[in-house]
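Asks: Mind having a look at this structure? Questions to follow.
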Amino acid sequence: MKEITATLRSVHTGNNEDYSKPPSPSIEVDLEGFPGDKHRGFQRTAQSWDSEPTGTPRRNERQWSGVSAEELEAIRARLDLREPLTAATLGANVCVEGIPNFSQLPRGTKLCFPSGAVLLVEENNPPCTWMADQIVAQHTTRSGNRVAGKMFPKYAMGLRGVVGVVDVPGAIRSGDSLIVKICAPTN
């Protein structure tokens, strides 16, 4: 198992209709996820992208979502946005810095925090079309034009981050130095 050190740039939770999640200095996560978060809980309802029929109760492998500062910057550059993209706008719970190819982390990778909290990666988080509406509403291009329609999914493919579950409860604080234990992918 390969280990690298990274930094938690920001931590977020929220239950807003637009999926945005405001930043918080710290959050005490538990085995159901992030308190007050839209994706909290042991169970979720299957959506159109799941293999189960829409509406089917299933295990929640999406208790948290994460993005990286480096990949947010890459998406911003691809979309030619004037303003930076933020984890809050994209509805992510954590924004990390210093993890190469964050969106490609394999299942089983652990983000280990100083408090003892551990976030476990389940899968990558593909970009969705409704998020494009948020970006169009909140951003302009460097030339001052509106962002072109639904370009976010195309330009964010492979850069939208990961989702997972809380493996060990504890405090997660902005600025934390964390150890990333990268699980070797299985074939």
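Where a number appears in this text, it was derived from the coordinates with a stated rule and is not lab data. The structure displayed is predicted, hence computed values, not measured ones. Every residue, glycine as well, gets a Cβ built from its backbone with ideal geometry; the counts of neighbours run over all protein chains shown.
Asks: Taking the range 103-187, how much of its Cα-Cα pair set, in percent, is spaced more than 15 angstrom apart? Walk me through the intermediate numbers first.
Replies: Details: 2377 of 3570 pairs.
Above the 15 Å cut-off, the range 103-187 has 67 percent of its Cα pairs.
Asks: Fewest first, what order do E122, E83, E71 take by the number of other Cβ atoms within 10 Å?
Replies: Values: E122 19, E83 13, E71 22.
Fewest-to-most Cβ neighbours within 10 Å comes out as E83, E122, E71.
Asks: If the only charges are +1 at each Lys and Arg Cβ and -1 at each Asp and Glu Cβ, what is the size of the charge dipole of the chain around the Cα centre, to the nearest 20 debye? All intermediate terms of the calculation are to be shown ahead of the outcome.
Replies: Numbers: 21 positive and 21 negative charges, 77 e Å.
Approximately 360 debye in magnitude.
Asks: Can you list the residues, at least 5 places off or on another chain, whose amide H is less than 5 Å from the amide H of D37, using H built in the peptide plane?
Replies: Counting only residues 5 or more places away or on other chains, the set is G14.
Asks: What order do you get for T13, T5 when you list them from fewest to most C-beta neighbours inside 10 Å?
Replies: Values: T13 20, T5 10.
Ascending number of Cβ neighbours within 10 Å: T5, T13.
Asks: Across the chain, how large is the tail of the calculated P(r) beyond 29 Å, expressed as a percent of all Cα pairs? Walk me through the intermediate numbers first.
Replies: Values: 3303 of 17391 pairs.
Every Cα pair in the chain considered, those over 29 Å come to 19 percent.
Asks: Still on this structure: What pairs in K110/K150; K2/K150; K2/K38; K38/K110 have C-alpha atoms more than 30 Å from each other? Walk me through the numbers before you get to the answer.
Replies: Working: K110/K150 33 Å; K2/K150 37 Å; K2/K38 32 Å; K38/K110 22 Å.
Exceeds cut-off: K110/K150; K2/K150; K2/K38.
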